[in-house]
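Peer 1: Quick one: structure below, then a few questions.
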């Protein structure tokens, strides 16, 4: 089981260029990926996204890639076309002689003319950086996953402990439920006595009808059975290493629904106390499973 919260970083070097990768993740219902790459390697984003999605199925993952080149090393080379400069100089001198003006040609003027000064991009191609980039990215992803596993183990232990507490309280409700019927029957007899009906057979049809009605209305056997089933399923999920966040969230919601029904049907203060305690724990469980992948 993994958490959706984590952080990792990695680095590598290719042809003097240092590559740094940072990855962080937070909880989201679906998987979301946001990567920021320098413009010269933006074309490699699909490769990184593919690697990431093979390992992450839920959560928002943000990544940043930075490149660091050797100090003092320019991205572009400057080339001076001397032949073109001579052609310009010769033509300008000839023109100056023909129109009888001073021949004042400066180097600055020549360099501004088309084709004399050229620049050549020296940056490394994105494809040549891909192997080193993948290495740094996988290193960052490995650290991210390790942190998510560690956090997931903490969540597993916490949820297991809380689930055990829910089982204890559910058993208390199961033991108390039959007593509720007995106590209600006793209260009915007391009511009959107060109404000066002590001589009436307690098997009287009206009396029995009320007992049956109360028994049906307050019967929580099915809800307790389903609740126990949800407990078992959640316990099974907590043993798995596959993504179980959505299933845990669903089970927590179903438990909440069953315990609400139990609280509404069971007219008993002891059961009501346990219901409140279970609902409080379920709220905490629901908060925790929101961060499980």
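The values are calculated or read from the model by the stated rules, or taken from the named source; none is laboratory data. As the structure is a computational prediction, the values presented were derived from the model and not from experiment. A quick note on method: Cβ atoms are made from the backbone with ideal geometry, for glycine too, and the neighbour counts reach across all protein chains shown.
Peer 1: Being closer than 22 Å to residue 219 by Cα and buried (at least 17 other Cβ atoms within 10 Å of the Cβ) is the filter here; which residues of the range 271-291 pass it? Don't jump to the end; show me each part of the working.
Peer 2: If we filter the range 271-291 for residues that are closer than 22 Å to residue 219 by Cα, which is where we start, we get 271-279.
Scanning the range 271-291 gives 271, 274, 275, 278.
Peer 1: Determine if the range 76-89 includes at least one residue that is modelled with pLDDT under 80, surrounded by 12 or more Cβ atoms within 10 Å (Cβ to Cβ), assigned to a helix (DSSP H, G or I) and not assigned by TED's automatic domain parsing to the domain that holds residue 11. Show your work before the answer.
Peer 2: From the range 76-89, those modelled with pLDDT under 80 are 76-79; that's our starting set.
From the residues that got through so far, the ones that are surrounded by 12 or more Cβ atoms within 10 Å (Cβ to Cβ) too are none.
No, the range 76-89 contains no residue that is modelled with pLDDT under 80, surrounded by 12 or more Cβ atoms within 10 Å (Cβ to Cβ), assigned to a helix (DSSP H, G or I) and not assigned by TED's automatic domain parsing to the domain that holds residue 11.
Peer 1: Scanning the range 34-52 for residues that are farther than 12 Å from residue 137 by Cβ and touching a strand residue (DSSP E or B) at 6+ places or on another chain (Cβ under 7 Å), which turns out surrounded by the fewest Cβ atoms within 10 Å (Cβ to Cβ)? Please lay out each step first, then the result.
Peer 2: Filtering the range 34-52 down to residues farther than 12 Å from residue 137 by Cβ leaves 34, 36, 38-40, 42-43, 46.
Subsequent filtering for residues that are touching a strand residue (DSSP E or B) at 6+ places or on another chain (Cβ under 7 Å) retains 34, 36, 38.
Numbers: 34: 9, 36: 12, 38: 14.
The residue in question is 34.
Peer 1: Return the residues of the range 40-65 that are outside any helix (DSSP H, G or I) and within 13 Å of residue 145 (Cα to Cα); say none if nothing qualifies. Steps first, please.
Peer 2: Of the residues in the range 40-65, the ones outside any helix (DSSP H, G or I) are 54-65.
Listed by number, the residues that qualify are 54, 55, 56, 57, 58, 59, 61.
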